[in-house]
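Visitor: Below are the structure tokens for one structure; questions will follow.
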Amino acid sequence: MNISVLDFTQQSVVVTGGATGIGESCARLFARRGATVTVMDIDAKGAERVTTAIREEGGDACCSVVDLTDWSATRAALEECHGRTQRLDVVVHSAGGFPRYVSLMECPVETWDGVVDSNLKSMFHLLKAAVPLMIPAGYGRFVTLSSMAVRGSTIVSAPHYAAAKAGVLGLTRQAARVLGPHGITVNAVAPGSVKTPRTNAMRTPEATRRIEQNTPLGRLCEPEEVAWPILFLCSREASYITGVTLDVNGGGAMS
Ligand SMILES: NC(=O)c1ccc[n+]([C@@H]2O[C@H](COP(=O)([O-])OP(=O)(O)OC[C@H]3O[C@@H](n4cnc5c(N)ncnc54)[C@H](O)[C@@H]3O)[C@@H](O)[C@H]2O)c1
């Protein structure tokens, strides 16, 4: 008997933030599982690097350079992807993050806007652009990245990020309700501390030790350990799951 799970053969998958970290890991795994992958990112060099790496492995990928805080550019990028692959099955929204810690009262208004826009407004733009392309097929998977920062544990000094990632959960539930009748599921994944280039650079050795001590599994997360659960939520097998937040945090926060 030939049973193939997490098979994305002939599916068109967009991964935002695919130039690095969790997004890069997702893009590579989707390609290995048969998908045509669009690596979508504002970072042209990073997106090109990941696309080339996937092709060298024999996968099917192309890159799309776009600022997801720009509505017209986001819509054009999604339409271009759909025109190229003639379908759109999956969107994983991993673009976002925050550049540095800042306290609530010292957070400049522009910094607040930048973080909220790149994490939350971008998700709205993506939904608004992708859903009309999915509805005619009666099928779609949308998975977005939230954070343990808003799952019963508090990262101090990232108020913009915590607000944006809480907003992501609200929008996930709204979208799941509205899009369910169209066969489109919408879910969120909330990672703990993942070893990605950006967060590795932000963490001091003391902070790493503190996280390890407060995590029942006793270590930080590898990017692939978040990517595999994301692939599951994007698979045909996850057909009855929508509106959930999947915690991938080594037990660091339990709800
Ligand atoms: N790394 C962690 O520990 C961790 C923990 C919890 C949640 N997350 C979330 O997971 C996601 C991925 O995090 P990461 O650390 O792997 O990567 P990251 O945050 O370093 O990279 C995100 C990518 O998004 C891209 N990006 C940012 N703004 C963009 C925009 N306006 N338009 C297009 N692309 C844009 C960047 O160029 C980058 O390639 C983020 O949403 C982050 O908030 C990460």
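The values are calculated or read from the model by the stated rules, or taken from the named source; none is laboratory data. All values derive from a computational prediction rather than experimental measurement. As a convention, Cβ positions derive from the backbone with ideal geometry for all residues, glycine included, and neighbour counts pool all protein chains shown.
Visitor: Here are some residues: Ala95, Ala76, Ala61, Ala53. Which one is within 20 Å of the chain's Cα centre (by Cα) and surrounded by fewer than 15 Cβ atoms within 10 Å (Cβ to Cβ)?
Guide: Ala76
Visitor: Let me ask another. Identify the residue in the range 151-172 that is within 16 Å of the chain's Cα centre (by Cα) and farther than 19 Å from Arg100 by Cβ and, among all such residues, is farthest from the ligand (Cβ to nearest atom).
Guide: Gly170
Visitor: Another question, if that's okay. Would you confirm whether or not the range 119-131 contains a residue that is more than 16 Å from the ligand (Cβ to nearest atom) and within 20 Å of the chain's Cα centre (by Cα)?
Guide: Within the range 119-131, one or more residues are more than 16 Å from the ligand (Cβ to nearest atom) and within 20 Å of the chain's Cα centre (by Cα).
Visitor: Evaluate the range 90-97: report whether one residue or more is under 14 Å from Thr36 (Cβ atoms) and away from the ligand (no atom under 11 Å from the Cβ).
Guide: The answer is yes; a qualifying residue exists.
Visitor: Right, something else. Residue by residue through the range 131-159, note down the ones that are in contact with a Cys (Cβ under 9 Å, 6 or more places away or on another chain) and at pLDDT 95 or above.
Guide: If the condition is that a residue be in contact with a Cys (Cβ under 9 Å, 6 or more places away or on another chain) and at pLDDT 95 or above, then Leu133, Arg141, Phe142, Val143 are the ones that fit.
Visitor: Looking at Ala201, Ala190, can you tell me which residue is closer than 27 Å to Leu29 by Cα and at pLDDT below 95?
Guide: Result: Ala201 is the single residue among Ala201, Ala190 that is closer than 27 Å to Leu29 by Cα and at pLDDT below 95.
Visitor: Please enumerate the residues belonging to the range 200-235 that are in a helix (DSSP H, G or I) and without any contact (Cβ under 8 Å) to a residue 12 or more places away in the chain.
Guide: Asn200, Ala201, Pro205, Glu206, Ala207, Arg209, Arg210, Glu212, Gln213 - these are the residues of the range 200-235 that are in a helix (DSSP H, G or I) and without any contact (Cβ under 8 Å) to a residue 12 or more places away in the chain.
Visitor: Among what's in the range 1-36 and is β-branched (Val, Ile, Thr) and away from the ligand (no atom under 15 Å from the Cβ), pick the residue that is farthest from Ser122 (Cα to Cα). Before you say what the answer is, go through the steps one by one.
Guide: Initial filter on the range 1-36 (β-branched (Val, Ile, Thr)): 3, 5, 9, 13-16, 20, 22, 36.
Imposing the further condition that a residue be away from the ligand (no atom under 15 Å from the Cβ) reduces the set to 3, 5, 9, 13, 36.
Details: Ile3: 37, Val5: 30, Thr9: 27, Val13: 17, Thr36: 22 Å.
Selected residue: Ile3.
Visitor: Also, quick follow-up: Going through the range 153-198 one residue at a time, which ones are surrounded by 19 or more Cβ atoms within 10 Å (Cβ to Cβ) and of a type in the set (Ser, Thr, Tyr)?
Guide: If the condition is that a residue be surrounded by 19 or more Cβ atoms within 10 Å (Cβ to Cβ) and of a type in the set (Ser, Thr, Tyr), then Tyr161, Thr172, Thr185, Ser193, Thr196 are the ones that fit.
Visitor: Within the set of pairs 6 or more residues apart or between chains, which connect a residue that is under 11 Å from Gly183 (Cβ atoms) inside the range 125-142 to a residue that is part of a helix (DSSP H, G or I) with Cβ atoms less than 6 Å apart?
Guide: Qualifying pairs under 6 Å: Ile135/His182; Gly140/Met134; Arg141/Cys234.
Visitor: Something else about it: Let me spell it out: the conditions are (1) within 11 Å of the ligand (Cβ to nearest atom); (2) buried (at least 16 other Cβ atoms within 10 Å of the Cβ); (3) assigned to a helix (DSSP H, G or I), and Thr144 meets all of them except one. Which number is the exception?
Guide: Result: Thr144 passes all but (3).
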